[in-house]
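J.: What follows is a single structure, and I will ask about it in a moment.
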Amino acid sequence: MKTMLTGLMAAAALVVTSAPAALAYDGTKCKAPGVCWEAKPGYPEKVAGSKYDPKHDPKELQKQGDSMKSAEERNKKRAEHFKKTGKWVYDVSKIQ
Amino acid sequence: MKQRITTSMLASASCMAVAAALQFAITAPASANQKLVELSKSNENWIMPGRDYSSQNYSPMTQINVENVKKLRTAWSFSTGLLHGHEGTPLVVDGLMYVHTSFPNNTFALDLNDPGHIIWQHKPKQDPAARSVACCDLVNRGLAYWPGDGKTPALIIKTQLDGHLVALNAKTGEEFWKVENGDIKVGQTLTQAPYVIKDLALVGSSGAELGVRGHTTAYNVKTGEQVWRVYATGPDSEVGIGDDFNKANPHYGQKGLGTGTWEGDAWKIGGGTNWGWYAYDPETNLFHYGSGNPAPWNETMRPGDNKWTMTIWGRDADTGQAKFGYQKTPHDEWDYAGVNVMILSEQKDKAGKMRKLLTHPDRNGIVYTLDRENGDLVSANKLDDTVNWVKQVDLKSGLPVRDPEYSTYMDHKGKEICPSAMGYHNQGHDSYDPTKELFYLGINHICMDWEPFMLPYRAGQFFVGATLWMYPGPKGDRQNYLGLGQIKAYNAISGEYKWEKMERFSVWGGTLATAGNLVFYGTLDGFIKARNSDTGELLWKHKLPSGVIGHPMTFEHKGTQYVAIMYGVGGWPGVGLVFDLQDPTAGLGAVGAFKNLQNYTQMGGGVQVFSLDGKNPYDDVNVGEWTGKS
């Protein structure tokens with residue numbers, strides 16, 4: 001979904017293209033070691049609540065972590081069984 | 001059964017992993033590693049993608065040299081039977097060649113005495129849904145070898161696109177263990193060549209284009225047990241950052257930045273996968289690799305420096321803990337995924353001090369050289385003078401000085417950005433000749449226009465948020481979409497290029513250097529070429545059945561030097577060809593740039609092996625003959 005360019009953002013875009021380089025983000029003005037990002041002129045420091053808010057669903061964000069945790073648990077069962085028996089069983093439902 | 005996971009649980013799990021790793025470090029014998037080091041010294045072996053732990057892709061063999069390379073002829077060939085892109089290179093150990101393939105990731109063992117006979121083959125059955133979450137064709141980059149210890153057999157270790165890491169008995173091909181290292185339902189795949197250090201099998205992750213949070217994991221080769229796992233983003237305990245991290249270069253950043261340089265929980269879907277190559281120094285016990293791009297590509301959606309994506313790592317092999325991390329492209333705006341090859345060398349710096357170095361030609365168009373003991377930045381030079389997103393890299397601060405004209409952001413179409421998202425260098429495994437102190441770099445010469453768009457994150461779905469148009473760089477032919485590549489010889493200390501040549505298409509797969517004063521490489525249009533490594537003069541080429549996206553290797557067998565290369569066009573530059581796509585913005589922008597590739601090559605994978613005058617085992621016509629029932 002492409003976001004429509006509003007009058008306000010058109011003005012911001014003009015600022016970006018016509019502003020002197022010193023005002024634009026060149027990545028060299030650091031607030032702390034390793035923290036050098038700046039919002040580009042006309043763009044927000046935080047996107048939450050702005051027109052650029054991705055509105056992430058916390059449930060979706062959690063899915064990778066959940067999946068990794070369960071895979072680690074299954075792998076652990078497989079490896080433990082292998083160490084005990086010398087036989088690798090992939091299907092954990094068949095591991096006693 | 002899925003369980004909810006909390007930060008404290010993860011921290012606890014991480015502590016347990018570290019404790020287990022420490023226990024392992026105390027008890028693990030070094031013999032397997034020493035055996036691997038010894039094997040790599042023999043010209044008869046090629047035991048890992050870069051030949052040895054230095055990843056130099058350099059052979060001291062001279063039987064094939066500048067004087068006689070014109071006599072190279074095909075010795076034998078092997079079709080893998082698969083059509084999609086074949087990256088990487090085969091392994092050769094103890095008289096066997098191990099060949100990997102694109103999805104479904106078959107593996108073949110061939111007898112070098114009679115390569116027409118397949119000793120064993122492993123053909124995994126995978127969920128075909130894995131194909132739909134692969135980023136850029138269905139490639140795989142190779143295999144790892146563990147030499148065995150008398151109790152546990154020698155192993156071939158492989159990745160599957162569906163996220164599994166599998167160990168096979170190297171002599172029989174039987175599965176020894178098989179673990180889940182990723183879940184295609186949340187977009188995680190595997191395309192990387194695993195890497196063996198001591199008794200550990202290291203493996204990364206793929207899927208940053210689907211918002212996958214990158215991780216690197218070590219498994220005990222003998223048991224399949226996870227020893228440690230570290231992430232590219234998130235809390236320090238999960239990234240593997242301790243008190244001495246970046247001690248020599250605190251200005252790179254130290255603690256708390258894996259979450260602090262992200263807004264909210266965006267680090268959980270922040271990318272930083274690593275699907276490229278590893279290198280290892282047994283003396284420092286550090287291994288090196290690069291984490292990839294942040295997700296999504298749309299930079300406006302993820303304020304902050306987005307650490308520790310795009311980072312060159314020096315990590316302890318036993319624990320995974322990071323000694324240093326240097327972020328090359330903070331807050332990436334162009335998909336300059338930092339996973340490319342790390343080549344280790346020992347050279348004198350400009351002050352005459354001998355140093356342990358790592359050199360890394362990055363996607364962002366800069367070739368970096370670091371002191372691999374502490375992460376000091378030694379040099380950072382443009383891969384081509386047409387790189388424009390960055391004016392220079394400040395060696396003191398380590399920061400790229402960006403040119404805002406080539407920034408990308410919402411409601412703006414960036415134009416003429418060089419390099420393109422494919423980088424001026426991508427996954428090619430390049431080479432280094434220590435006698436000449438030259439790196440031989442296969443280069444992309446591609447620029448782009450870039451327009452971001454907003455999109456939601458849904459686990460397991462593409463999460464890119466940018467439309468790309470790619471075309472040849474300024475030195476290419478933009479009318480005919482040719483002149484998309486280069487090959488160069490680079491001195492990392494002086495920063496100078498000794499020679500450079502243009503190519504019709506990207507030199508995607510990488511290079512091989514030999515003491516025969518030669519550099520070999522394959523081209524997308526299906527040639528293997530040999531150049532004089534001193535001068536760049538083209539000395540020999542041979543047309544292969546399909547285009548090349550892998551790198552050549554060389555080995556000796558029964559006194560004969562062979563050069564081998566995998567063919568099989570595909571990969572990111574080949575997505576338009578292999579999937580018959582027409583929209584120039586499809587394939588994340590590659591289809592437009594490579595629209596002419598189909599006029600030079602077609603699909604089909606295999607290995608072709610060369611020797612002087614084509615000498616091969618079947619010169620004795622009785623070899624391989626069926627002699628009847630005994």
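The values are calculated or read from the model by the stated rules, or taken from the named source; none is laboratory data. These numbers were taken from a predicted model, which means no experiment stands behind them. Cβ atoms come from the backbone with ideal geometry, glycine included; neighbour counts cover every protein chain shown.
J.: Within the stretch B:407-516, considering only strands (runs of 3 or more DSSP E) that don't extend past its boundaries, which have at least 2 residues that are among the polar types (S, T, N, Q) and closer than 19 Å to B:Leu538 by Cβ? So that I can check it myself, show each step before the final result.
T.: Numbers: elements: B:414-417, B:431-433, B:438-444, B:446-452, B:466-472, B:485-490, B:497-503, B:511-514.
The qualifying strands (runs of 3 or more DSSP E) are B:511-514.
J.: Ok, one more. I'd like the full set of residues that are under 24 Å from B:Val341 (Cα atoms) and aromatic (Phe, Trp, Tyr), limited to the stretch B:532-561.
T.: The answer is B:Phe555, and nothing else.
J.: Could you tell me which numbered condition A:Lys31 fails, if it satisfies all but one of (1) within 8 Å of another protein chain (Cβ to nearest Cβ); (2) at pLDDT 95 or above?
T.: Tallying (1) within 8 Å of another protein chain (Cβ to nearest Cβ); (2) at pLDDT 95 or above, A:Lys31 fails exactly one: (1).
J.: Can you run down the residue pairs with Cβ atoms below 9 Å, 6 or more apart or on separate chains, where the first is in the stretch A:45-71 and under 16 Å from B:Tyr231 (Cα atoms) and more than 7 Å from chain B (Cβ to nearest Cβ) and the partner is surrounded by fewer than 19 Cβ atoms within 10 Å (Cβ to Cβ) and not aromatic (Phe, Trp, Tyr)?
T.: Qualifying pairs under 9 Å: A:Gln62/B:Arg4; A:Gln62/B:Ile5; A:Gln62/B:Asp265; A:Met68/B:Ile5.
J.: Residues in the stretch B:76-96: is at least one in contact with a helix residue (DSSP H, G or I) (Cβ under 8 Å, 6 or more places away or on another chain), buried (at least 22 other Cβ atoms within 10 Å of the Cβ), small (Gly, Ala, Ser) and at pLDDT 95 or above?
T.: Among the residues of the stretch B:76-96, at least one is in contact with a helix residue (DSSP H, G or I) (Cβ under 8 Å, 6 or more places away or on another chain), buried (at least 22 other Cβ atoms within 10 Å of the Cβ), small (Gly, Ala, Ser) and at pLDDT 95 or above, which makes the answer yes.
J.: Only residues that are in contact with a helix residue (DSSP H, G or I) (Cβ under 6 Å, 6 or more places away or on another chain) and either assigned to a helix (DSSP H, G or I) or loosely packed, with under 14 Cβ neighbours inside 10 Å (or both): list them for the stretch A:50-86, please.
T.: Within the stretch A:50-86, the first condition is being in contact with a helix residue (DSSP H, G or I) (Cβ under 6 Å, 6 or more places away or on another chain), and the residues that meet it are A:52, A:54, A:61, A:63-64, A:67, A:74, A:77.
A:Leu61, A:Lys63, A:Gln64, A:Ser67, A:Arg74, A:Lys77, listed by residue number.
J.: Within the stretch B:161-189, can you find the residues that are over 11 Å from B:Val203 (Cβ atoms) and under 18 Å from the mean Cα position of the chain (by Cα)?
T.: Within the stretch B:161-189, B:Leu161, B:Gln188, B:Thr189 meet the criteria.
J.: Suppose we filter the stretch B:321-330 for residues that are surrounded by 23 or more Cβ atoms within 10 Å (Cβ to Cβ) and touching a helix residue (DSSP H, G or I) at 6+ places or on another chain (Cβ under 8 Å); how many remain?
T.: 5
J.: Within the bounds of the stretch B:28-40, is there any residue that is under 26 Å from B:Thr523 (Cα atoms), buried (at least 17 other Cβ atoms within 10 Å of the Cβ) and at pLDDT 95 or above? Let's see the steps before the verdict.
T.: Quick first cut of the stretch B:28-40, residues under 26 Å from B:Thr523 (Cα atoms) only: none.
No, every residue in the stretch B:28-40 fails to be under 26 Å from B:Thr523 (Cα atoms), buried (at least 17 other Cβ atoms within 10 Å of the Cβ) and at pLDDT 95 or above.
J.: Consider B:Trp177 carefully, then state whether it is part of a strand (DSSP E or B), under 25 Å from B:Glu373 (Cβ atoms), in the same structural domain as B:Asp335 (by TED's automatic domain parsing) and at pLDDT 95 or above.
T.: Values: part of a strand (DSSP E or B): yes; under 25 Å from B:Glu373 (Cβ atoms): no; in the same structural domain as B:Asp335 (by TED's automatic domain parsing): yes; at pLDDT 95 or above: yes.
Criteria not met by B:Trp177.
J.: Let me ask you something else. When the stretch B:168-186 is examined, which residues are found to be surrounded by 22 or more Cβ atoms within 10 Å (Cβ to Cβ) and more than 9 Å from chain A (Cβ to nearest Cβ)?
T.: B:Leu168, B:Ala170, B:Ile184
J.: Working only within the stretch B:194-235, note down all residues that are of a type in the set (S, T, N, Q) and touching a strand residue (DSSP E or B) at 6+ places or on another chain (Cβ under 7 Å). Show your work before the answer.
T.: Let us first name the residues in the stretch B:194-235 that are of a type in the set (S, T, N, Q), namely B:205-206, B:216-217, B:220, B:223, B:226, B:233.
Answer for the stretch B:194-235, where residues must be of a type in the set (S, T, N, Q) and touching a strand residue (DSSP E or B) at 6+ places or on another chain (Cβ under 7 Å): B:Ser205, B:Ser206, B:Thr216, B:Thr217, B:Asn220, B:Gln226.
J.: Listed residues B:Glu38, B:Glu87, B:Glu67; which is of a type in the set (Asp, Glu) and closer than 30 Å to B:Cys135 by Cα? Break it down into steps so the answer makes sense when it comes.
T.: On the way: B:Glu38 fails: closer than 30 Å to B:Cys135 by Cα; B:Glu67 fails: closer than 30 Å to B:Cys135 by Cα.
Criteria check complete, one pass: B:Glu87.
J.: Kindly list the number of the only condition in (1) within 14 Å of chain A (Cβ to nearest Cβ); (2) surrounded by fewer than 24 Cβ atoms within 10 Å (Cβ to Cβ) that fails for B:Lys436.
T.: So the condition that B:Lys436 fails would be (1).
J.: If I go through the stretch B:370-382 residue by residue, how many of them are over 16 Å from B:Ile312 (Cβ atoms) and surrounded by 22 or more Cβ atoms within 10 Å (Cβ to Cβ)? Spell out the reasoning first.
T.: Keep residues of the stretch B:370-382 that are over 16 Å from B:Ile312 (Cβ atoms), which gives B:382.
From what is left, the residues that are surrounded by 22 or more Cβ atoms within 10 Å (Cβ to Cβ) are none.
Counting residues in the stretch B:370-382 that are over 16 Å from B:Ile312 (Cβ atoms) and surrounded by 22 or more Cβ atoms within 10 Å (Cβ to Cβ) gives 0.
J.: Another one. Read through the list (1) more than 25 Å from A:Asn75 (Cα to Cα); (2) more than 9 Å from every other protein chain (Cβ to nearest Cβ); (3) out of contact with any helix residue (DSSP H, G or I) (no Cβ under 8 Å at 6 or more places or on another chain), then give the number of the only condition that B:Thr217 fails.
T.: Every listed condition holds for B:Thr217 apart from (1).
J.: Hey, another quick one. Report, ordered by the first and then the second residue, all pairs with beta carbons closer than 7 Å, sequence separation of six or more or different chains, a first member in the stretch B:449-462 that is in contact (Cβ under 8 Å) with a residue 60 or more places away in the chain and at the interface with another protein chain (Cβ under 7 Å from one of its Cβ atoms), and a second member that is β-branched (Val, Ile, Thr) and part of a strand (DSSP E or B).
T.: B:Phe453/B:Thr467
For (1) crowded, with 20+ Cβ neighbours inside 10 Å; (2) within 29 Å of B:Ser205 (Cβ to Cβ); (3) within 14 Å of chain A (Cβ to nearest Cβ), each residue gets a yes or a no:
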residue: B:Val341; (1), (2), (3): yes, yes, no
residue: B:Gln347; (1), (2), (3): no, no, no
residue: B:Lys350; (1), (2), (3): no, no, no
residue: B:Met354; (1), (2), (3): no, no, no
residue: B:Leu358; (1), (2), (3): yes, yes, no
residue: B:Asn364; (1), (2), (3): yes, yes, yes
residue: B:Val387; (1), (2), (3): yes, yes, no
residue: B:Ser397; (1), (2), (3): no, no, yes
residue: B:Arg402; (1), (2), (3): yes, yes, yes
